[in-house]
Amino acid sequence: MLGVLLILSVISLVALVPPGAPPVPCRQCCDHLEPAEGSGGQPPLGGFSHVPEVRTYINMTILKGDKGDRGDRGTPGKGGHEGPPGSRGPMGLKGSKGQAGLPGDPCKVLYSAFSIGRRKSLHSLESYQALVFDTVFVNLGGHFDMFEGKFFCHIPGIYFFNVNIHTWNFKETYLHIMRNDTEQAILYAQPSDRSIMQSQSLMLQLELNDWVWVRLYKRERENAIYSDDVDVYITFNGYLIKHSVE
């Protein structure tokens with residue numbers, strides 16, 4: 001500390017002389033007195049008329065203290081605006097093949113089919129008649145009702161149907177394949193002196209609980225189909241081709 005004060009004192013003395021000032025000759029403390037008469041001395045010069053101003057200059061670099069402790073962290077500022085999306089990067093490498101999954105459930109196959117016959121002839125009446133059958137060849141799930149003579153749809157989908165009959169000599173043959181209460185296809189034969197086998201087939205898109213049957217036309221004209229107890233001349237067949245996707 002003593003060294004610092006000495007340096008400050010020297011600096012203060014140096015600061016008494018303004019930079020660039022002309023040199024001033026040294027004076028003694030009694031130079032302000034008039035010279036004695038007859039001494040031949042020069043009168044004093046009027047260089048200073050007042051006491052010079054003293055200005056202190058401190059070099060702050062030599063007074064620099066130790067580094068202080070770090071202050072508390074300030075609160076984070078607000079987020080900036082979202083920048084524009086960058087360009088699409090290059091396509092990555094193809095990944096390795098994954099593991100095989102677990103085996104799935106086995107496919108569920110649905111079936112519906114029937115094949116039935118009639119051993120009795122049938123003649124037309126004053127009203128329409130449902131063709132009722134008495135012989136069963138195939139009836140999966142009992143979907144064909146033998147009492148009513150109708151196939152009831154338990155599995156929605158596309159079905160194929162076929163009817164075969166034997167005509168009666170000199171009589172007209174006039175039947176319809178019905179879906180519910182609507183005619184879908186006709187089976188017809190004109191009167192002839194010879195009996196013949198006639199057939200009709202079609203496919204139908206059925207919904208749940210639809211029914212399909214064969215209807216004999218009413219007696220506006222003589223109408224009949226032939227069969228006997230020995231052979232089966234009349235058959236009705238149907239089966240599911242493709243069930244509807246659930």
Residue, nearest to the chain's Cα centre (by Cα), within segment 94-150, restricted to residues that are surrounded by 10 or more Cβ atoms within 10 Å (Cβ to Cβ) and basic (Lys, Arg) = Lys150
message = Checking Gly92 against (1) closer than 27 Å to Lys242 by Cα; (2) without any contact (Cβ under 8 Å) to a residue 24 or more places away in the chain, only one condition comes out false. Which one?
response = (1)
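Among the listed residues Arg179, Arg194, identify the single one that is open to solvent by 80 Å² or more (accessible area, probe 1.4 Å) and charged (D, E, K, R).
From the options Arg179, Arg194, the qualifying one is Arg194.
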message = Which residue is farthest from the chain's Cα centre (by Cα), if the candidates are limited to segment 197-229 and must be small (Gly, Ala, Ser) and open to solvent by 50 Å² or more (accessible area, probe 1.4 Å)?
response = Ser199
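Here's the yes/no breakdown for (1) outside any strand (DSSP E or B); (2) hydroxyl-bearing (Ser, Thr, Tyr); (3) open to solvent by 90 Å² or more (accessible area, probe 1.4 Å); (4) at negative phi:
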{"position": "Asn169", "(1), (2), (3), (4)": "yes, no, no, yes"}
{"position": "Tyr174", "(1), (2), (3), (4)": "no, yes, no, yes"}
{"position": "Asp231", "(1), (2), (3), (4)": "yes, no, no, yes"}
{"position": "Leu240", "(1), (2), (3), (4)": "no, no, no, yes"}
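The values are calculated or read from the model by the stated rules, or taken from the named source; none is laboratory data. Remember, it's a predicted structure, so these values are computed and weren't measured experimentally. Cβ coordinates were reconstructed from backbone atoms using ideal geometry, including for glycine residues, and neighbour counts include every protein chain displayed. Heavy atoms of the whole protein, side chains included, go into the accessibility calculation; ligands, DNA and RNA do not. Shrake-Rupley method; radii C 1.70, N 1.55, O 1.52, S 1.80 Å.
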